[in-house]
1. Quote the relative contact order of region 97-215 in percent (integer), defining contacts as alpha-carbon pairs under 8 Å separated by 6+ residues.
2. Using amide H atoms built 1.01 Å from N in the peptide plane, name the residues 5+ places from Ile166, or on other chains, whose amide H lies under 5 Å from its own.
3. Taking a cut-off of 30 Å between Cα atoms, list the lysines near Lys142, but don't count ones fewer than 8 places away on the same chain.
4. Rounded, prolate or oblate: which one fits region 167-323, using the alpha carbon gyration tensor with axes a ≥ b ≥ c (rounded when a/c is under 1.5, else prolate when a/b beats b/c, else oblate)?
5. In the chain, carbon and sulfur make up what percent of the accessible area (probe 1.4 Å)?
6. For Gly26, enumerate residues with amide H under 5 Å from its amide H, sequence gap 5+ or separate chain, H modeled in the peptide plane.
7. Summing +1 for each Lys or Arg and -1 for each Asp or Glu, what net charge is found among the other residues whose Cβ lies under 13 Å from the Cβ of Ile164?
8. Can you classify region 230-320 as rounded, prolate or oblate using the Cα gyration tensor, where a ≥ b ≥ c are the square roots of its eigenvalues, rounded means a/c under 1.5, and otherwise it's prolate if a/b beats b/c and oblate if not?
Amino acid sequence: AGMAGPISIAKSPEVMEILDKMAATGFSPTSLNTWISCPLRFYFTFVLRLYEADEPSETIDHRTLGNVIHKVLQDFYTPFVGSMPLETDYEKMLASAGNAIALTLQKEFEGGDVTTGRNLLIVEVARVWIRRFLQLEAEALKQPGATENYIRALEHPLKSSITIEIPGKGPREIVLKGFADRIDQVNGRTRIIDYKTGRVEAAELRLKSVEALFEPSAKPSEKAFQLMMYLYLASRQPDMNAPLTEIDAGIISFKSLSNEFMPLNLSGTEQSAAIDAFESGISDILSAIYDTTLPFEQTNVKEHCQLCPYKTICHKTEEKRGW
């Protein structure tokens, strides 16, 4: 067997047809982040739509846990859109949390028994996290001015489109999309919230510079990128009715609940300047994606290959010449 060279995929008319569909359905933060970390991985995942299989089962459990928590909170808070739950409401939610979690797990996922094994574990972890979350939310009611707080929306799609110049092809309109788990108004500020079940460190949400988000570095700032995209999309939503300086995009991590809401920290960059820089970075990426002369190529950042589900196709992690 000869040495495998680097893989490069030309943009055939068939590939362009799929990318044209993507332009209409929209690019998510995940798809753009994937392209930044490795254009070839973007091709496998979003163009060929290969399911990123080979995930260890613990991540499947982790995903189920995340889905259960999202669903239960969605059900609990839906009746309160436009207002906020009161103390008595939180007491009711706390009392019914265990039951709601078990039912959701049975209904939404594997089905099966929730009293033993892994499912029981998921129910227990979810119950601890949801109860702790509800307690924090109930405590927040005691803050001064809390009566003004309200939930604006749950599971809210954020959409906008951007017109880019494609080399040799002229202007092209492309949809960008995000999905906020919750948007609320707290202490006079609008918060766009993403729930995460993994641990999140404040350092991950500190923006060194907007430009850094677009560099395929060994430690990608995917969470900061996602939140920056939410801010960008919010700046283009007519229904936000909030001046941009009063909008925060952030994460509530169930693994680090003591940090409560952790907003994206622009570290001194002025918000509208950050949004302009972000738009320009996204334009560059999309111009490259839609430029038919540029093939999809493998990343040069070795670290991205370690956990990539396609490394068996690329063989990049095997030590060989030409790496």
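The values are calculated or read from the model by the stated rules, or taken from the named source; none is laboratory data. These numbers were taken from a predicted model, which means no experiment stands behind them. Don't worry about glycine lacking a Cβ; one is built from the backbone with ideal geometry, like all the others, and counts go over all protein chains shown. These area figures cover heavy atoms from the full protein model, side chains too; ligands, DNA and RNA do not enter into them. Shrake-Rupley method; radii C 1.70, N 1.55, O 1.52, S 1.80 Å.
1. Values: 112 pairs, mean separation 20.0, N = 119.
Relative contact order, region 97-215: 17 percent.
2. Here Arg172 satisfy the definition.
3. Lys71, Lys92, Lys196, Lys255
4. Values: a/c = 2.35, a/b = 1.38, b/c = 1.70.
Verdict is oblate for region 167-323.
5. Numbers: 8810 of 16400 Å².
Carbon and sulfur: 54 percent of the exposed surface of the chain.
6. Val175
7. Details: positive: Lys169, Arg172; negative: Glu165, Glu173, Glu279, Asp284, Asp291.
Taking every Cβ under 13 Å from that of Ile164, the sum is -3.
8. Working: a/c = 2.96, a/b = 1.53, b/c = 1.93.
It is oblate, given that a/c is not under 1.5 and a/b is not larger than b/c.
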